[in-house]
Amino acid sequence: MEKQIYLDHAATTAVDSRVIEKMLPYFSGVYGNASSQHFYGRRAQQALDEARDTIASLLNAQPSEIYFTSGGTEGDNWAMKGIALANQAKGKHIITTVIEHPAMLASCKDLEALGFEISYLSVDKEGRISLEELKSLIREDTILISCMYANNEIGTIQPIEEIAQIAKEKKVLFFTDAVQAIPYMNIDVKKVGMDAMAISAHKFNGPKGVGVLYVRNGVKIKSILSGGHQERTKRGGTSNVAGAVGLAEALRLSRLNLEENNAKIKMLRDHFVKRVSEEIPYAYYNGHKELRVPSNADFSFEFIEGESILFSLDLEGIAVSSGSACSSGSLEPSHVLLAIGVDEALAHGSIRFSFGKSNTLEEVDFVVDKLKEIISRLRMMSPLFKG
Ligand SMILES: *Cc1c(COP(=O)(O)O)cnc(C)c1O
């Protein structure tokens, strides 16, 4: 494979070399356990504290509101289960959306098994929830609203500030999975006003296996990883110092040229969308036209299978995703596409392209050219295609 083009930045990103540099001392030089009371431990603890301070200041939070986790999946699980269990005296009703990440939907299933009742907000054709529907679902016993900031499959951004406002007025807690938003949005937790938020380092050029759960001071949350006294007794387990340092540095770097990088990524994405829309018949662009992260382009191609497109692109050295990475491998069509009204057959022909700052216009043009060939070849073989 001579050419390799990565268009799957919503699945994961490469670790920035400056992040690696920053992390390296914490593997074998400063390798102490941050809980140890000798100088090895103190040095590790100091690095952990600095990382926490950096992240807090970038998010406009207090260091005491930053909890290190193993990533977005843990953040979603912990926020949902931890907040539900700590606040169940007030009620056992939770509101979320039908298009959440599988980590969130699975956490909701777990909570249902524990006797919690979950209401699922629908979304419109562009993947946006309705604030009116949200208001109508809030009850006396509602304790928590959970709505992702930006969707991982179609990129649609939700009205998070408005949801936070409604939650505050109704005295209901509000959690947002901001894993797909944080790479592109300079989120100020005080300004937005959510009570809890999950992010994951590997979606913004940080290492895999580390994330942050922001929990506003005063919000009750139970720990779900019982163990030592790490993370102010809320999350047991020896601190991942190198990971925390890497997350802090990746977040700091991502804020430096955020607007510039967003503009570049959006330019590549928009060029791609324009060419695909004009040059490939029966291609449907999913999600909201404007209210979406700059990196995401999700298309449904009629009469063919997304998996066949993915494998053909793979042979050409082009990496994309069909549906969400978590659901590929299963034959279920994407729950997000079904939720925005894409019919089942069409949903099966969907591909998510997600662009990054290191992609080039030449790469995008190369991908569109290959995609055109692949799609017309697959359609020639498709019994469904009469055109
Ligand atoms: C990737 C992702 C997650 C899971 O994060 P991990 O760190 O990979 O566990 C959760 N939510 C959303 C929206 C994501 O895109």
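Points to keep in mind about this one:
- If the condition is being open to solvent by 40 Å² or more (accessible area, probe 1.4 Å) and over 15 Å from I55 (Cβ atoms), then segment 236-255 contributes only T238.
- Residues of segment 270-324 satisfying the condition of being over 18 Å from A345 (Cα atoms) and polar (S, T, N, Q): S277, S295, N296, S312
- Pairing residues of segment 182-210 that are more than 14 Å from I66 (Cα to Cα) with residues that are within 10 Å of the ligand (Cβ to nearest atom) and assigned to a helix (DSSP H, G or I), at Cβ distances under 6 Å and at least 6 apart in sequence or on separate chains, gives P183/K203; P207/A201; K208/H202.
- Residue count, segment 70-94 (criterion: farther than 16 Å from E112 by Cα, charged (D, E, K, R) and open to solvent by less than 40 Å² (accessible area, probe 1.4 Å)): 1
- Residue match in segment 41-57 (condition: within 29 Å of S107 (Cβ to Cβ) and surrounded by fewer than 21 Cβ atoms within 10 Å (Cβ to Cβ)): yes
- Among residues of segment 144-159 being of a type outside the set (S, T, Y) and within 21 Å of I118 (Cα to Cα), the one that is surrounded by the most Cβ atoms within 10 Å (Cβ to Cβ) is N151.
This table checks each residue for (1) over 21 Å from the mean Cα position of the chain (by Cα); (2) at pLDDT 95 or above; (3) farther than 30 Å from R43 by Cβ; (4) of a type outside the set (S, T, Y).
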| position | (1), (2), (3), (4) |
| --- | --- |
| P207 | no, yes, no, yes |
| G218 | yes, yes, yes, yes |
| G236 | yes, yes, no, yes |
| S239 | yes, yes, no, no |
| V245 | no, yes, no, yes |
| E249 | no, yes, no, yes |
| F272 | yes, yes, yes, yes |
| Y282 | yes, yes, yes, no |
| V293 | no, yes, yes, yes |
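- Of the residues V336, V293, V364, the single one that is open to solvent by less than 10 Å² (accessible area, probe 1.4 Å) and out of contact with any Gly (no Cβ under 9 Å at 6 or more places or on another chain) is V364.
- Take the conditions (1) under 29 Å from the mean Cα position of the chain (by Cα); (2) surrounded by fewer than 19 Cβ atoms within 10 Å (Cβ to Cβ); L371 misses just one of them, which is (2).
- Residue selected from segment 182-229 under the condition small (G, A, S) and buried (at least 24 other Cβ atoms within 10 Å of the Cβ), by the criterion farthest from the ligand (Cβ to nearest atom): A196
The values are calculated or read from the model by the stated rules, or taken from the named source; none is laboratory data. Here the structure is a predicted model, which is why all the values come from computation and not from measurement. Neighbour counts are summed over all protein chains in view; Cβ atoms, including those assigned to glycine, are modelled from backbone coordinates with ideal geometry. For the accessible areas, the whole protein counts, side chains as well, though only heavy atoms, and no ligand, DNA or RNA atoms are used. Shrake-Rupley method; radii C 1.70, N 1.55, O 1.52, S 1.80 Å.
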